[in-house]
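Since the structure comes first, as structure tokens, the remarks are kept for the end.
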Amino acid sequence: MWLWALLPVILAVGGSVGFWVVYAMAVANGSVNITEAFPYISTCGSYPPQSCIFGQILNLGAFIGVVICSVKYQQVRDYGCHSRLNSIGLVLGLLCALGSSIVGNFQQYNQLETHLFGAFMAFVLGVLYFWVQAFLTDQVKPRHGGPWIGPLRFSLSVCGSVLLIAAVALFFMKKDSEAAYCEWALAMDLFLLFGLFVVDFRHVGACSVHVKHRRTDQETRDIQVSTQTLQL
């Protein structure tokens, strides 16, 4: 179903556009002054009214991210790859989504420690998640997207790692504008990596959740008979 392929597109495009809308609102209402320094993403989303939009974007993005990571995990399993790496990838993806939600709900000027913890989960674990996906691309057959998808994911993962290290280093060097540039570039890099899942998800026909009952069929029949007897 092509609708599944829309999920990565919605996350990538919606998240990118949403971040820049928050930036534009922050600049327009004077919440940030770009003549002094280029602002961090979280700085733009710290003051109302854009803080409300910022939180909603990250909460919705976190929800879509959970769905994407879960479907991608099951797709890899269905192709016969039951490796521990796939399970690790799922955990990293879910924690990355949780971190994004924490960033949106705990603004940096209200709960700085919690906000930074969420940013660590979103960015660091997000980069690690896509490293796992880059390695899984070469392990899983069939590999959707042709021979280019593996090198592209690997290259974008390298870029994400470099930008993450640069952002942290520049932050501690008190070069806030340069660190902010790296943070924005890192966010766009992660959104692009999520968007690349469209080449995998367009091959997903359906996805369902099954409930496995703990009682045996005989126990179920006994309960039904007992219920009918009581009713009589």
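The values are calculated or read from the model by the stated rules, or taken from the named source; none is laboratory data. For clarity, every value in this text was computed on a predicted model and none was experimentally measured. Here Cβ is always computed from backbone atoms with ideal geometry, including for glycine, and neighbour counts include all displayed protein chains. Side chains included, ligands, DNA and RNA excluded: accessible areas come from the protein's heavy atoms. Shrake-Rupley method; radii C 1.70, N 1.55, O 1.52, S 1.80 Å.
Residue order by solvent-accessible surface for 191, 201 is 191, 201, largest first, with ligands and nucleic acids left out and a 1.4 Å probe. Which shape class, rounded, prolate or oblate, goes with the chain when its Cα gyration tensor gives a ≥ b ≥ c as root eigenvalues, a/c under 1.5 marks rounded, and past that a/b bigger than b/c marks prolate? Here the chain falls in the prolate category. Ordering 97-110, 121-134 by mean Cβ neighbour count within 10 Å, with the highest value first, yields 121-134, 97-110.
Assuming charge only on the beta carbon of Lys and Arg (+1) and of Asp and Glu (-1), the dipole of the chain about its Cα centre is about 600 debye to the nearest 20.
Using only Cα positions of segment 62-123, each an equal point scatterer, no hydration layer, compute I(q)/I(0) via Debye at q = 0.13, 0.17, 0.25 Å⁻¹ and quote the log10 values to two decimals. Once normalised to I(0) and log-transformed, intensities are -0.40, -0.58, -0.90. Note on the chain: with neighbouring protein chains present and a 1.4 Å probe, carbon and sulfur make up 67 percent of its accessible heavy-atom surface. Report the calculated FRET efficiency for residue 33 and residue 113 (r = Cβ-Cβ distance, R0 = 22 Å), to the nearest 0.05. That gives a FRET efficiency of 0.30. Pairs of Cα atoms nearer than 8 Å and 6+ residues apart set the relative contact order; for segment 19-137 it is 23 percent. If you line up the long axis of helix 176-195 against the longest principal axis of the chain, both from Cα atoms, how many degrees apart are they, to the nearest 10? The helix 176-195 is inclined about 30 degrees to the chain.
Think of a 1.4 Å ball rolled over the protein heavy atoms: the chain then has 56 Å² of accessible area per residue. Compared with the dominant Cα axis of the chain, that is its longest principal axis, helix 149-172 is turned about 50°. Axis angle, to the nearest 10 degrees, between helix 50-78 and the longest C-alpha principal axis of the chain: 50 degrees.
Can you give the net charge of the other residues whose Cβ lies under 14 Å from the Cβ of residue 103, counting K and R as +1 and D and E as -1?
Result for the neighbourhood of residue 103: -2.
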